[in-house]
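Here the structure comes first, spelled out in structure tokens, and everything after it is commentary.
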Amino acid sequence: MQETITQAMKVFEVPPHRSNFLFLLPPFFVAKADGKISFKEISSICFNAARLGLIGPQDQSSEDLDAFIEKKAEQFQNKMSIGDLDLLAKAINERLEAFAPEKAHAIRERIYELCINVADASGPLFGEHISEEERRMLELIFNKLEK
């Protein structure tokens, strides 16, 4: 079971002892869905991950987090594929098995909300904010993360 988490941490270059950083990765797939990952989307990931409690105060001030986020936009823009999303979803689902069911459900809900916030951030100031590509990616992610 732990093998999937370890493999995902290696593929996504997650620092050791920071497996909770896996929870920050689904929105990068959403951000990439309509082409290019924007600064607004990266900012939304950082801000909303902290607001939703997916990263704690110890993570927010960590050099690990800064370096991690910096590398993710480039990594996702150039390398990540749907196959990588399968691995990530399996790893997140396994990581959540360590929590009580209610806590695991709450974390999944926060991941969903983070993804939706990122999709919303990429749109224009007025009008439809979430593109069709982002909608498809949101649905794919939501289906892969067990409920």
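Read-outs throughout are calculated quantities, based only on the coordinates presented, and are distinct from any laboratory measurement. Keep in mind it's a predicted model, so treat the numbers as computed, not measured. Note: ideal-geometry Cβ built from the backbone for every residue, glycine included; neighbour counts use all protein chains shown.
Structural remarks
- Of the DSSP H helices in the chain, those whose Cα atoms cover at least 20 Å axially and whose Kyte score averages 0.0 or more: 82-96
- Segment 10-34 residues near the modelled S81 label - backbone nitrogen below 16 Å, point 7 Å along Cα→Cβ: 11-12
- Extension reserve of the N143-A106 stretch, reckoned as 0.36 nm per residue once the Cα distance is removed: 11.7 nm
- Straight-line cross-link reach from K36 at under 18 Å between alpha-carbon atoms covers these lysines, not counting any fewer than eight positions away in the same chain: K71, K72, K79.
- Computed from label points 7 Å out along Cα-Cβ, the spacing between A98 and T6 is 1.4 nm.
- Exposed GluC sites (Glu not before Pro) absent - longest run of the chain, DSSP non-H/G/I/E/B, at most 16 other C-beta within 10 Å: 14-96
- Whichever aspartates and glutamates have a C-alpha closer than 14 Å to that of K40, once near sequence neighbours (fewer than 8 apart) are set aside: E70, D120
- Helix-only [θ]222 nm of the chain, DSSP H runs n ≥ 4, -39500 (n - 2.57) each, per residue, nearest 500: -21500 deg cm²/dmol
- Chymotrypsin sites (Phe, Trp or Tyr not before Pro) within segment 77-147, DSSP loop, no more than 13 other Cβ atoms inside 10 Å: F99, F126
- Loop-located trypsin sites (Lys or Arg not before Pro) in segment 24-119, at most 15 other Cβ atoms within 10 Å (DSSP): K36, K79
- Charge dipole of the chain about the Cα centre (unit charges at C-beta), most positive-ward option of Q7, F47, V118: Q7
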